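Q: If you scroll down you'll find the structure; I have some questions about it.
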Amino acid sequence: MRTRHRGLAASLLVLALGATAVAPAVAATPSPAADGPALTAAAQQLRLPAPTGPYGVGESTLYLRDTGRADPYVPEAGGRELLASVFYPARAGSGVPAPYMSEQEAELLLASRGLGGLVEPGVVGATETHARLGAAPARGRFPLIVLSPGFGQSRFTLTSLAADLASRGYVVAAVDHAHESTATVFPGGRVLPCAACDLVERTGDAGMAEVARGRAKDVSFLLDRLTDVHPAWRYAPMIDRRRVGMAGHSIGGDSAAATMAADGRVRAGVNMDGAFYEPVPAAGLRGRPFMVLGTDVQHAPGSTTDTTWDRDWPHLDGWKRWLTVAGAGHFTFTDMPVLGEELGIKDPSAPLAADRSSRITRDYVAAFFGLHLKGVPQPLLAGPTAANPEVSFQSP
């Protein structure tokens, strides 16, 4: 399962192998490597898919430090630090457009993935997200969903999903975990080293399990700060603390299960293509619902690439679904396919079109939380549909 550890780096470095240097906003037709994709164009304006719900989408950034817990990777740094992008249902037209990430963060991301000079950081940072800073919140109380990114990735890679869920009537906190990414800028302009990467390099799967357990503690602290008497977020009264869910990509998906095992406040969870390095407890999740959503290649029943879904499926003791997506790759469930397609980057290992990647991820995750946090029946989860032929309902 070590292939997951450097997932994003490996994926984007492979993409870069097939590309030649391209000046920003200038079309090109490079000669790709025999087994690599090609960078065929660079876009002047990147756009994530528009949210599909009835609400506008607001966004704010929340910085937290847990003074009661030292950073698990760099104890001398003091209290554990978190950054969260909080998306929320908002009044349409209020606020100003929110950037995807800062230009500095985009530059760090591209440089760390071997794409420096191929894509202009400002183009990536200015990607249209359809969220707005300073937007007036919609009236009402809404369920809370926490999103946790893949290993080495930042919270920005789940922006499309977060914004769509907010437009459908959820408060969504996408979390960056300190010392787990080199593309996140913390307050004061600090870029923290990926000490977790060093841990995993030394300890392999055991290190990944430690990451999942650490993230569970991070999320519990986040929930404390969002729901206590003096909350850290100005619009916290919007949150219905009785209805909390969590979803994550890769190790973030494992972390969703680990969080549910440790914190009874999280009522429902989704693992998007993540191995269960930290196993689901044999005693289960106290009957709470859980969905696994992944690739056919990696996560069909009986897979020899990742055996943990077969191992842990019997331990999911509540409502559950095991869905696989034909033509998907590990990053299908993030913003990567959309941004890659707009940049002219094609990944032959994941032929599913970017619009289908986005639609499937957003619709099935929203259906899951619609059923389990809002109590709204969801025919989409009842079985295969003609509109989504790529999605298989597995019955191991």
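Any read-out appearing in this document is the output of simple, stated calculations on the displayed coordinates, not a laboratory observation. This is a predicted model, so every value here is computed, not measured. Because the Cβ atoms are built from the backbone with ideal geometry, glycine has one as well, and the counts that use them run over all protein chains shown.
Q: Roughly how large, in nm² to one decimal, is the mean projection of the convex hull of the alpha-carbon atoms in the chain?
A: Details: hull surface 73.3 nm².
Over all viewing directions, the chain projects a mean Cα-hull area of 18.3 nm².
Q: Can you check how the C-alpha radius of gyration of the range 353-396 compares to 2.2 N^0.38 Å, as a plain ratio? Don't skip to the end; give the middle numbers.
A: Working: Rg = 11.0 Å, N = 44, 2.2 N^0.38 = 9.3 Å.
This ratio for the range 353-396 stands at 1.19.
Q: Ok, one more. Mind checking which of 118, 315, 253 is farthest towards the positive end of the chain's charge dipole, using Cβ charges of +1 (Lys, Arg) and -1 (Asp, Glu) about the Cα centre?
A: Checked the options; the winner is 315.
Q: While we're here: Got a sec? How would 365, 191 order by Cβ neighbour count within 10 Å, fewest to most? Can you show the working numbers first?
A: On the way: 365 22, 191 14.
Lowest count first: 191, 365.
Q: For the chain, with only Lys/Arg (+1) and Asp/Glu (-1) charged at the beta-carbon, what is the dipole magnitude about the Cα centre, in debye rounded to 20?
A: Dipole magnitude for the chain comes out near 1400 debye.
Q: When the Cα centres of the range 96-123 and the range 126-195 are compared, how far apart do they sit, in Å?
A: 16 Å
Q: Something else about it: Taking N as the number of residues in the range 200-299, what is its alpha-carbon radius of gyration divided by 2.2 N^0.38 Å? Write out the running numbers ahead of the final one.
A: Working: Rg = 14.4 Å, N = 100, 2.2 N^0.38 = 12.7 Å.
Dividing the Cα radius of gyration by 2.2 N^0.38 Å gives 1.14.
Q: Work out which helices of the chain, taken as complete DSSP H runs, extend at least 20 Å along their axis over the Cα atoms and score a mean Kyte-Doolittle of -0.5 or more, then list them. Walk me through the numbers on the way to the answer.
A: Values: long enough: 205-227 (33 Å, -0.09); 354-374 (28 Å, -0.20).
Span-like helices in the chain: 205-227, 354-374.
Q: Would you mind checking which residues have amide H under 5 Å from residue 135's amide H? H placed 1.01 Å from N; only 5 or more apart, or other chain.
A: Under 5 Å from the amide H of residue 135: 59, 96.
Q: Nearest 20 debye, what's the magnitude of the dipole of the range 91-167 about its Cα centre given +1 on Lys and Arg Cβ and -1 on Asp and Glu Cβ?
A: Charge dipole, the range 91-167, about its Cα centre: 480 debye, nearest 20.
Q: Helix-derived [θ] at 222 nm for the chain: sum -39500 (n - 2.57) over DSSP H runs of at least 4, divide by residue count, nearest 500? Before the final figure, lay out the partial values.
A: Numbers: 11 runs with 116 residues, N = 396.
The helix-only estimate for the chain comes to -9000 deg cm²/dmol at 222 nm.
Q: To continue, here is another question. Label points 7 Å out from Cα along the Cβ direction at residue 111 and residue 190: separation in nm?
A: 1.9 nm
Q: Using the Karplus equation 6.51 cos²θ - 1.76 cosθ + 1.60 (θ = phi - 60°), what ³J(HN,Hα) coupling, rounded to whole Hz, does each residue of the range 133-147 give in order, writing x for Gly and Pro?
A: Each residue's phi maps through the Karplus curve to give 6, x, 5, 6, x, 6, 6, x, 10, 9, x, 10, 10, 9, 10 Hz.
Q: Picking from 286, 132, 168, which is most flexible by a Gaussian network model of the chain using Cα springs under 10 Å?
A: The residue that fluctuates most here is 286.
Q: Hey, another quick one. How much length is gained on full extension from residue 50 to residue 382, taking 0.36 nm per residue of separation minus their Cα-Cα distance?
A: Numbers: separation 332, 0.36 × 332 = 119.52 nm, distance 2.62 nm.
My answer for the length gained is 116.9 nm.
Q: Right, another one. Please state, to two decimals, what the Cα-based radius of gyration of the range 318-395 comes to when divided by 2.2 N^0.38 Å (N = residues).
A: That works out to 1.18 for the range 318-395.
Q: Which ³J(HN,Hα) values, rounded to whole Hz and listed in residue order, are derived for the range 274-282 from phi using the Karplus coefficients 6.51, -1.76 and 1.60 in 6.51 cos²θ - 1.76 cosθ + 1.60 with θ = phi - 60°, glycine and proline given as x?
A: x, 5, 8, 4, 8, x, 5, x, 4
Q: Excluding same-chain residues fewer than 8 positions from residue 346, which aspartates and glutamates have a Cα within less than 15 Å of its Cα?
A: Counting by Cα, and skipping residues close in sequence, residue 346 has these aspartates and glutamates nearby: 35, 335, 355.
Q: Further question: Tell me, rounded to the nearest percent, the portion of alpha carbon pairs in the range 246-357 spaced more than 22 Å apart. Present the calculation step by step, with values, prior to reporting the outcome.
A: Working: 2013 of 6216 pairs.
Roughly 32 percent, once rounded to a whole number.
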